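A.B. asks: Let me begin by handing over the structure; questions about it come next.
The values are calculated or read from the model by the stated rules, or taken from the named source; none is laboratory data. Everything numeric in this text was worked out from a predicted model, so none of it was measured. Here the Cβ positions follow ideal geometry from the backbone for every residue, glycine too, while neighbour counts run over all protein chains shown. Calculation scope for accessible area: heavy atoms of the full protein, side chains included, ligands and nucleic acids excluded. Shrake-Rupley method; radii C 1.70, N 1.55, O 1.52, S 1.80 Å.
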Amino acid sequence: MIGKAACAIAAVLATTACSFGDDQPSRPELASGKPLPVRCKVGSVRPAATVTFVANGRAWALEPGDGRLSCLFRVRHPGPFVWGPRGDRALLARLQVKGFGHAPTRPPTRVDPAATSWGRPIGKSIVFVGRGRHALLKAHPAGGGFKDVTPVQGVSYERVVYHPSGLAFAFVLKRGRHESIWMSSNVGANPRKLVHGRLHTGFDAIAFGERGAVLYFAAQHVDHRVDVHVLPLGGANNAPVVWRGGPEERVTDLFAGRGADIAFTAGRSCESRRAVVVAARHRRGADLLPDQHRSRALGWLDDRHVLVATGGCGEKLDLYSVSAASLQARLLVRAVDAASVRRAEPLPPPPLPPEILGARSSFA
């Protein structure tokens, strides 16, 4: 369980202890109790500023180690608030793109897709589920029209995620009442089924891990239970279970970390969801904030810490850095509107295993 002793804040943020409960401030503030600046000047943003959030109509970046704060840009509708692989551009609501430095920008459109993924390795495109879920389309972050990259016609699409190589993406499609997981090239060519849905009722989340060598997926079973599986890409004939959920639970916000570590959000509803980690010291999974009845995983700040939000469901968010090993938590900022991790992916990108798009295997 998390106590005050486990919640020590690093030097600049150490003037207040962690607190959990309903005493949320009415305005955004750092862990020290200091409010956010009323005005700010956009300047350089260091790679260490991996905590990003929206508050007071602006996007901000915070360095979790020393509390240094940077102002990024104005935000009206954060939407997904997901950063591209270089950490210089963010995807907002209605496919709007904003960034800093020399990053491109895109004005909001009339389209607000439910599933999107940044292209790799530099974020020069965004693939998304469009046309009433019957197509996969690409948008350019500098504007312009959409490119159709639909791999399979006559089906509906639920989720899509780019492979770290940038040469392919995985997606969940639905034909009739059955869902399955596929991969295709980054232009929708050579689609291949990876996971069939004969023993499942659906797939909640998908994410690549171990530098693109494996695919994690959360599968709903006919007994209304969810499992998280790991599928080694390129010749595997099974997908072992790495975490087993309870009755009526769902999995969202699935993030792969270092090696076989993963973090995700599990729960029966928004009001009961919790952030979970599966790591070397927690092979069966552990709640990242066990004292909280409502928390959400937002991504890996580094190889050892997960950004976790409490609140939501119509309320403001409090953000914590939580150790994946010890589960010690540090309060970072309180009462924000949206948050995400901004962390550049390593270069060069990993290769795409050549056998992936030629594989014909499918798994339960």
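A.B. asks: Roughly how many Å² of D253 are accessible to a 1.4 Å probe, to the nearest 10?
C.D. replies: Approximately 40 Å² of D253 is accessible to the 1.4 Å probe.
A.B. asks: Using only the Cα atoms of the stretch 146-259, build the gyration tensor, take square roots of its eigenvalues as a ≥ b ≥ c, and label the shape rounded, prolate or oblate: rounded if a/c is under 1.5, else prolate if a/b is larger than b/c, else oblate.
C.D. replies: Values: a/c = 1.82, a/b = 1.23, b/c = 1.48.
Oblate shape, in that a/c is at least 1.5 and b/c is the bigger or equal ratio.
A.B. asks: Just the accessible area for W182, please: 1.4 Å probe, Å², rounded to the nearest 10?
C.D. replies: 30 Å²
A.B. asks: Near the amide H of R250, under 5 Å away, which other amide H atoms are found, from residues 5 or more places off or on another chain, if H is placed in the peptide plane?
C.D. replies: Here G267, R268 satisfy the definition.
A.B. asks: Give a residue-ordered list of calculated ³J(HN,Hα) values for the stretch 209-218 (Karplus: 6.51 cos²θ - 1.76 cosθ + 1.60, θ = phi - 60°; whole Hz; x for Gly, Pro).
C.D. replies: Per residue, the Karplus-derived 3J(HN,Hα) values read x, 6, 6, x, 7, 9, 10, 8, 8, 9 Hz.
A.B. asks: Apply the Karplus curve 6.51 cos²θ - 1.76 cosθ + 1.60, θ = phi - 60°, to the phi angles in the stretch 50-63 and return the couplings in whole Hz, x for Gly and Pro.
C.D. replies: Ordered by residue, 3J(HN,Hα) equals 8, 8, 10, 7, 10, 7, 6, x, 9, 9, 10, 10, 10, 8 Hz.
A.B. asks: Additional query: Once neighbouring chains are kept in place and the probe is 1.4 Å, which whole percent of the accessible area of the stretch 133-286 is contributed by carbon and sulfur? Intermediate values should be presented prior to the final figure.
C.D. replies: Numbers: 3210 of 6470 Å².
After summing per-atom areas, the C and S share lands at 50 percent.
A.B. asks: Counting heavy atoms of the protein chains only and a 1.4 Å probe, report the per residue accessible area for the chain as a whole number of Å². Walk me through the numbers before you get to the answer.
C.D. replies: On the way: 16180 Å² over 364 residues.
For the chain, the solvent-accessible area averages 44 Å² per residue.
A.B. asks: Using modelled amide H (1.01 Å from N, peptide plane; none on Pro or chain starts), what sits under 5 Å from the amide H of V242, excluding residues fewer than 5 places away?
C.D. replies: Under 5 Å from the amide H of V242 lie the amide H atoms of V228, H229, V230, each far enough along the sequence or on another chain.
A.B. asks: Right, here's the next one. Could you work out how far the C-alpha centroid of the stretch 208-236 sits from that of the stretch 275-345, in angstrom?
C.D. replies: With the stretch 208-236 and the stretch 275-345 each reduced to a Cα centre, they are spaced 22 Å.
A.B. asks: Sticking with this one: Compute the Rg to Rh ratio over the chain from the alpha carbon atoms, using the Kirkwood formula for Rh, and round to two decimal places.
C.D. replies: Values: Rg = 19.9 Å, Rh = 20.9 Å.
For the chain, the value is 0.95.
A.B. asks: Separate question: Within the chain, which is the longest segment that contains none of the GluC sites (Glu not before Pro) sitting in a DSSP loop with at most 15 other Cβ atoms within 10 Å?
C.D. replies: Details: sites that count: E248, E315, E355.
Here the longest segment lacking exposed loop sites spans 1-247.
A.B. asks: Taking a probe of 1.4 angstrom, what is the accessible area of S32 in Å², to the nearest 10?
C.D. replies: Roll a 1.4 Å probe over it and S32 shows about 40 Å².
A.B. asks: Express as a percent, rounded to the nearest 5, the fraction of DSSP beta bridges in the chain (both residues included) that run antiparallel.
C.D. replies: Numbers: 100 of 101 bridges.
Antiparallel bridges: around 100 percent, rounded to the nearest 5.
A.B. asks: Hey, can you grab everything whose amide H is under 5 Å from the amide H of W83? Only 5+ residues off in sequence or another chain; H modelled, so Pro and N-termini drop out.
C.D. replies: L91
A.B. asks: Another one. Would you list, by chain and number, the lysines whose Cα falls below 19 Å from the Cα of K34, excluding same-chain residues fewer than 8 positions away?
C.D. replies: K316
A.B. asks: Given the Cα-Cα distance of H102 and A189 and 0.36 nm per residue of separation, how much length would full extension add, in nm?
C.D. replies: Working: separation 87, 0.36 × 87 = 31.32 nm, distance 3.17 nm.
Contour length minus the Cα-Cα distance gives 28.2 nm.
A.B. asks: Could you give me the ³J(HN,Hα) list for the stretch 130-140, computed from phi with Karplus coefficients 6.51, -1.76, 1.60 and θ = phi - 60°, whole Hz, x at Gly and Pro?
C.D. replies: The phi angles translate into x, 6, x, 6, 9, 8, 10, 10, 10, 10, 9 Hz.
A.B. asks: Cα to Cα, under 19 Å, and not fewer than 8 places away if on the same chain: which lysines meet these conditions relative to K98?
C.D. replies: In chain and number order, the partners are K41, K124, K138.
A.B. asks: At what distance in angstrom do the alpha carbon centres of the stretch 38-114 and the stretch 127-149 lie from each other?
C.D. replies: Centre-to-centre distance over Cα atoms comes out at 22 Å.
A.B. asks: In the neighborhood of H140, defined by Cβ-to-Cβ distances under 10 Å, what is the net charge if each Lys or Arg adds +1 and each Asp or Glu adds -1?
C.D. replies: Details: positive: R106, K124, K138, K147; negative: none.
Net local charge, H140 excluded: +4.
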